[in-house]
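Below is one structure, written out as C-alpha cells; comments come after it.
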Amino acid sequence: MRLSGRQIDCIRGGRGVFSGLDFEASSGEVLAVVGPNGSGKTSLLRLIAGLLVPAGGSVDLEGGEAELTLPEQSHYLGHRDALKPALSVHENLAFWRDFLGGAAGDLSQCLKAVGLTHATRLPAAYLSAGQRRRLSIARLLAVRRPVWLLDEPTSALDTAGQDLFTGIMRDHLASGGIIIAATHAPLGIDARELRMGTSA
Amino acid sequence: MTALAALIRRDIRIALRVGGGALIGVLFFLTVTVLMPFAIGPDLALLTRLGPAILWLGALLASLLTLDRLFTADHEDGSLDLIVMGRAPLELACAAKALAHWLAAGLPLIAATPVLGLMLNLDATATSAVALTLLVGTPALTFTGMIGAALAVTLHRGGLLLAVLVLPLSIPVLIFGVAASQAAITGPLSFGTPFSILCAISLVSFVIGPFAAAASLRHGLD
Amino acid sequence: MTLIDLANPTKFLSLTARVLPWLAGATAILLLVGFYQAAMAPDDYQHGAVVKIMFIHVPNAWLSMFVWSVMSLAALGTLVWRHPLADVAAKAAAPIGAAFTFLALVTGSLWGRPMWGTYWQWDARLTSVLILFLMYLGLMALWRAVDDPSRAARAAAVLTLVGALNLPIIKFSVDWWNTLHQPASVLRMGGPTLDRAFLIPLLVMALGFSLLFVTLHLAAMRNEILRRRVRSLQMMQASQQAA
C-alpha cells in the first residue's frame with residue numbers, strides 16, 4: 001500500500017499555505033510532518049482526510065480497497081477528541097465503532113490497551129485531558145483503518161502514555177499500516193521526515 | 001445501517017441526559033404560548049380563533065431554538081470531521097441526525113399540544129387537527145432548518161443568523177399547517193387539500209434537506 | 001438539634017434514616033383521616049359534590065407557594081450563610097414543588113369546568129400560578145443544564161430569590177384584580193369564612209400534604225446527597241491510574 005501526494009497546493013482564507021508539495025509513504029512507514037506553527041501541518045492532514053479540498057494536485061492511495069475512498073480508509077486524530085461528555089467511556093467508543101464501521105476490535109481490549117479499563121462505565125466528562133486523548137486513541141484500535149492521520153497525537157499524554165502510544169503505533173506499522181503524523185515532539189519511531197514551511 | 005442507527009441512538013441519548021436540551025424546547029413552547037394571552041388579552045373567544053396560529057408559531061420557534069445545536073455541538077468537539085469522513089453517506093448521516101433531533105425535540109412538542117389547546121379553549125377537533133398538522137409539519141421544519149444549521153456551522157455563526165436563514169424557509173410549512181388546522185375547525189375549505197400539500201412539503205424537505213446540508217458541510221468545513 | 005449539626009451530611013443521613021419512617025407513617029395516617037373526613041363532608045349548596053376537589057386543590061395550591069418559600073430560604077442559605085446542605089435542599093425541593101403546582105393546576109382546572117364552564121381561564125390567579133409552574137420547570141432545567149452542582153447552585157439560588165417576587169402576586173392576585181377565582185376564605189384578615197364542616201377536613205388535609213412534602217423532601221435530599229457522593233467517587237475512580 002502506498003500513499004502519495006503530487007504537487008499539492010493549499011489555499012486557506014485567500015492565503016497560500018503551501019504549494020507544490022510532494023510526499024509519499026508506504027506500508028509500515030511513518031511520515032513525520034514537521035515545521036513551525038502556521039506552516040500547514042494541520043492543513044495537510046485535513047486535506048488528506050478529505051476535510052479540505054486541495055487547490056491543486058492530488059492525493060492517492062494505491063493498494064487499498066478499490067470501492068472505498070481514502071478518507072473512508074483513514075483514521076483522523078485531530079486536536080479535538082470527538083467525545084461526548086454526557087456519554088460513558090464505553091458508550092463513546094461503542095458509538096464510533098458502530099458509526100465508522102468496518103472490521104472492529106473488542107472494546108474492552110481497546111480500553112485495556114490505552115489504560116482506561118477502570119473508567120469504562122464512567123461519564124467521559126470526568127476524564128482528564130490526557131485520559132480523553134487515550135480514549136481517542138482507543139478509537140484507532142476499535143475500528144481497523146490502514147491509514148492513520150495524527151495531529152499532535154502525544155500532546156496531552158504523560159510519559160507513560162507516550163510510551164504506550166509508541167507501542168500502539170509500532171503494532172499498526174507491523175500490520176502494514178501507514179502513519180502520517182504532524183508533530184513537534186519526537187515520536188519514538190524511525191520516521192521519514194516531511195519538512196514544511198521551507199520550500200515556499 | 002448500523003452506523004445510522006448508532007448515530008440516532010447517540011443523539012437521542014445525549015439529548016435526554018443531563019445537560020441535554022430535549023425538554024428545554026417544550027418549556028419554551030409552553031412559555032411562548034403562555035405569553036400570547038398577555039399580548040392579545042385574555043378573551044377566550046379570540047384566543048380560540050387564534051389558537052392554531054399561536055400553537056404553530058410556538059412550535060416553529062421552539063423547534064428553531066433547539067436546531068441551533070444540531071451541528072455546532074459536533075463541530076466544536078471534532079465529531080463532525082469524523083462523521084464527514086465516515087463510510088455512511090453524509091446525506092444519510094444528516095438525515096439521521098435530523099430524525100434523532102425530531103424524535104427528541106419535536107415529538108415532545110406534539111405531546112404538549114393538547115394541554116396548550118385546553119388553555120386556549122380549543123375543542124377536541126381543533127386540538128387534534130393542530131396536533132395532526134404539527135405531527136406532519138414539524139419534520140419539515142427540522143429538515144429545512146437543518147440546512148440553516150449546516151450553513152451556520154460552516155460560517156461559524158450560530159443563533160441569530162440561523163433564525164434569519166431558516167425562518168423564511170419555514171413560511172410555506174406555516175401557511176399550510178395553519179390553513180389545514182383552520183379548515184378543520186371552521187371550514188369552509190376541506191381539511192384534505194392543505195393537509196396534502198403540507199405532507200408534500202414534508203416529503204420534499206426529506207429529500208432536499210439532507211442533500212443541501214451535506215453539500216454545505218462538505219464544502220464548508222475547515 | 002440545631003442547624004449546625006445538620007450541616008454534616010453524614011449526620012443528616014443517619015438522622016433522617018431514623019426520622020423518615022415515622023414521618024411517612026404520620027403522613028399516611030393524616031392523609032387517610034383527611035380523605036375520610038373529606039368524603040364525609042356535606043355537599044356545598046352552591047358547588048354541590050364538586051366542592052370535594054377543594055380538599056386536594058387548596059392544600060396543593062398552598063404548598064406550591066410554600067415550597068418556593070422553602071427554596072428561597074435555601075437560596076439565602078446558599079448565597080449568604082453558605083450552609084452545605086442548602087443547595088441540596090433547594091435542588092430536591094424543585095421537582096416536588098413543581099408536582100404540587102401541577103396538581104393544583106389540574107385539580108383547579110377540573111373544578112373550573114363545572115363551575116365556570118371552561119377548563120382554563122386566563123385570569124390573574126390561574127395565570128400567576130401557571131407562571132409559578134413554568135418557573136419551577138425552568139429551575140429544574142437550570143439544575144439539569146449544569147453538570148457541576150455547586151456551580152448550578154448559585155445560579156439557581158439567584159433565580160429562586162428573583163422568582164420569589166411572584167409569590168405575593170399570586171397570594172394577593174384575587175384581591176388586587178377582579179378574577180373568576182374566589183377570594184381567600186381561610187388565610188385572610190378577620191379569620192376564616194369557611195364553615196367548620198369544611199374547615200376541619202381541609203386543615204387535616206393541609207397538614208397531611210405538608211407532612212407529605214417534608215417526607216418527600218427529606219427523602220429527595222438523601223438521594224441528592226448520595227448522588228453527589230456517587231459522583232465524587234466516580235471522579236476519584238476516573239483519576240486513578242490503571243494498575
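Taking label positions 7 Å along the Cα-Cβ direction at both B:LEU160 and C:VAL214, the computed distance is 5.3 nm, reported to one decimal. Projecting the Cα atoms of B:PHE206, B:LEU57, B:ALA126 onto the charge dipole of the range B:2-220 (Cβ charges, centred on the Cα centre) puts B:PHE206 farthest toward the positive pole.
Note on C:ARG196 and A:GLU193: their simple-model spin labels are 10.1 nm apart, each label 7 Å out from Cα toward Cβ.
In plain terms, the residue of C:MET236, C:MET140 with the fewest other Cβ atoms within 10 Å comes first and the most crowded comes last, giving C:MET236, C:MET140.
Sites listed here are trypsin sites (Lys or Arg not before Pro) in the range A:89-175 whose DSSP assignment is loop and whose Cβ has at most 16 other Cβ atoms within 10 Å: A:ARG121, A:ARG144. Report the paramagnetic label zone for A:ALA55: residues of the range B:184-222 whose backbone N is under 13 Å from a point 7 Å from Cα along the Cα-to-Cβ axis. Under 13 Å, as judged by backbone N against the label point of A:ALA55, lies no residue of the range B:184-222. A Cβ-based charge dipole, computed about the Cα centre of the range C:12-150 with Lys and Arg at +1 and Asp and Glu at -1, lands at about 120 debye. Think of each Lys and Arg Cβ as +1 and each Asp and Glu Cβ as -1; about the Cα centre, that makes the dipole of the protein assembly as shown roughly 1280 debye.
Here A:LYS41 is the anchor, and the lysines within straight C-alpha reach of less than 29 Å, apart from those fewer than 8 places off in the same chain, are A:LYS84.
Membrane-span-like helices of chain B, defined as complete DSSP H segments with a Cα extent of 30 Å or more along the helix axis and a mean Kyte hydropathy of at least -0.5, are identified as B:44-67, B:124-154, B:192-220.
Between C:VAL80 and C:ARG228, full extension at 0.36 nm per residue minus the direct alpha carbon distance yields a gain of 51.1 nm. Sparse packing (at most 16 other Cβ atoms within 10 Å of the Cβ) combined with a DSSP loop state is found for the following GluC sites (Glu not before Pro) in the range A:62-158: A:GLU65, A:GLU67.
At R0 = 30 Å, how high is the FRET efficiency between C:LEU15 and A:THR120 if r is their beta carbon distance? Nearest 0.05 is fine. The value I calculate is 0.25. Measuring r between the beta carbons of C:TRP22 and C:SER150 and using R0 = 30 Å, the FRET efficiency lands at 0.40.
Note on the protein assembly as shown: along the principal axes its Cα atoms extend 95, 71, 38 Å, ordered by decreasing extent.
Counting neighbouring Cβ atoms within 10 Å and putting the fewest first, the residues C:VAL67, A:VAL89, B:VAL164, C:VAL129 line up as B:VAL164, C:VAL129, C:VAL67, A:VAL89.
In plain terms, the residue of A:ASP190, C:ASP195 with the fewest other Cβ atoms within 10 Å comes first and the most crowded comes last, giving A:ASP190, C:ASP195. The calculated FRET efficiency for the pair C:LEU165 and C:SER239, based on their C-beta separation and a Förster distance of 45 Å, comes to about 0.55. Cross-link partners for C:LYS52 among the lysines, with Cα-Cα distance under 26 Å and sequence neighbours closer than 8 places in the same chain left out: C:LYS171. Using just its DSSP H runs of length 4 or more, each adding -39500 (n - 2.57), the protein assembly as shown gives a mean residue ellipticity at 222 nm of -21500 deg cm²/dmol after division by all residues. Of all aspartates and glutamates in the structure, not one lies under 14 Å Cα to Cα from A:LYS112 without also being fewer than 8 positions from it along the same chain. Once you mark the trypsin sites (Lys or Arg not before Pro) that are in a DSSP loop and have at most 14 other Cβ atoms within 10 Å, what is the longest gap between them in chain C? Of all site-free stretches, the longest is C:83-187.
Each reported figure results from applying straightforward, stated rules to the coordinates on display, with no laboratory input. In this text, all values refer to a predicted model and were calculated from it rather than measured experimentally. Cβ sites come from the backbone with ideal geometry, for glycine too, and all protein chains shown count toward neighbours.
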